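See below for the structure under consideration.
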Amino acid sequence: MANASSFNGVPHHIAIVMDGNGRWAKRRLMPRIAGHRQGVESLRRCIRACVKRGVRVLTVFAFSSENWNRPPDEVSGLMELLAKALAREVPELRKGGIQLHFVGDRGSLSEGLRQGLARAEAETADNGRMVLNVCFNYGGRWDIAQAAARLAERGEPITEGALDRAMALSHVPDPDLLIRTGGEQRISNFLLWQCAYSELHFTERLWPDFDEAALDEALAAYAARERRFGQTSEQLVRQAAG
Ligand code: IPE
Ligand code: IPE
Ligand code: MG
């Protein structure tokens, strides 16, 4: 969808590549899954902090199309963790006014998990405080391809606008700020289409350690950016002056 505005310098939509769970666990001589468990706690904290700061949409990368290539016990551990998080977190999210969406290819998920995702979405559909998109079995290339396939099926011309409307995140404006924790400076097949004009913020901090102060650091960096969308700095100054 089109670019969102930001109110008082707070991004309307934040997207996060929650990376570094495995390293967090390894440093503590713990199994990788312990890092993922701690990652869920970090997400709870981050959701609360975003709501408090007036962020309207939070989109997080929880499992990529490529993460199936991990050792089978880690993959099954992550599936289990999602099932447990659904059971444990959804009632609280519902009470907190969060509208949940799961974004990604559900075809290869178990029937039980698919039902859980649909139930969580239905139970929170009327909430309006903040939208939380959890990208699970998601890939930016998958998203572009599925959108194009849908248009082709309907015999619709493939235009930017039509593709945009067929994408998995068509219910929200594009992210204003994309944060990646864990020190890597890459997109790893996250929101390839939607990040065309997002501001990027990379931090060394591992996802389980991403606290309110780390979020505020990212927000401060974002507030200091000049978003030009192809225009010149002088044009923006003139427009702001009215
Ligand atoms: C991100 O943490 C979570 C998932 C990809 C599921 P990682 O598991 O990639 O953590 P590192 O990068 O190995 O530390
Ligand atoms: C990206 O992290 C995916 C998620 C955070 C879910 P990865 O750890 O899978 O990314 P790469 O493999 O280092 O690029
Ligand atoms: Mg990683």
What are the principal axis extents of the Cα atoms in region 148-242, in Å, biggest first? 49, 43, 21
May I ask for the net charge around residue 41, where only other residues with Cβ less than 12 Å from the Cβ of residue 41 are counted and Lys, Arg are +1 while Asp, Glu are -1? +2
Kindly write out, for region 116-124 in residue order, the coupling ³J(HN,Hα) from the Karplus curve 6.51 cos²θ - 1.76 cosθ + 1.60 (θ = phi - 60°), rounded to whole Hz, with x marking Gly and Pro. x, 5, 5, 5, 4, 5, 5, 5, 10
Excluding ligands and nucleic acids, what accessible area in Å² is computed for residue 138 using a 1.4 Å probe, to the nearest 10? 0
Highest mean first, what order results for 149-157, 104-112 on Cβ atoms within 10 Å? 104-112, 149-157
Quick calc, residue 122 & residue 26: beta-carbon distance into FRET formula, R0 35 Å, rounding 0.05, result 0.35
Tally the DSSP beta bridges in the chain and give the antiparallel ones as a percent, rounded to 5. 5
Roughly how many Å² of residue 159 are accessible to a 1.4 Å probe, to the nearest 10? 70
In terms of modelled amide H atoms, which long-range or inter-chain residues lie less than 5 Å from the amide H of residue 103? 134, 135, 136
Can you grab the distance from the C-alpha centre of region 103-123 to the C-alpha centre of region 63-87, Å, no decimals? 13
Using a Förster distance of 35 Å, how high is the FRET efficiency between residue 53 and residue 164, based on the Cβ-Cβ distance and rounded to 0.05? 0.80
How much FRET efficiency would the formula 1/(1 + (r/R0)^6) give for residue 74 and residue 44, where r is the Cβ-Cβ distance and R0 is 22 Å, rounded to 0.05? 0.55
Residue-count net charge about residue 64 - beta-carbon cut-off 15 Å; Lys, Arg +1, Asp, Glu -1: -1
What does the convex hull of the alpha-carbon atoms of the chain project to on average, in nm²? 14.4
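The values are calculated or read from the model by the stated rules, or taken from the named source; none is laboratory data. If you're wondering where the values come from, they're calculated on a predicted model, not measured in any experiment. Cβ sites come from the backbone with ideal geometry, for glycine too, and all protein chains shown count toward neighbours. Ligands, DNA and RNA are stripped out before the accessible areas are found, and what is left, the full protein with its side chains, is counted by its heavy atoms. Shrake-Rupley method; radii C 1.70, N 1.55, O 1.52, S 1.80 Å.
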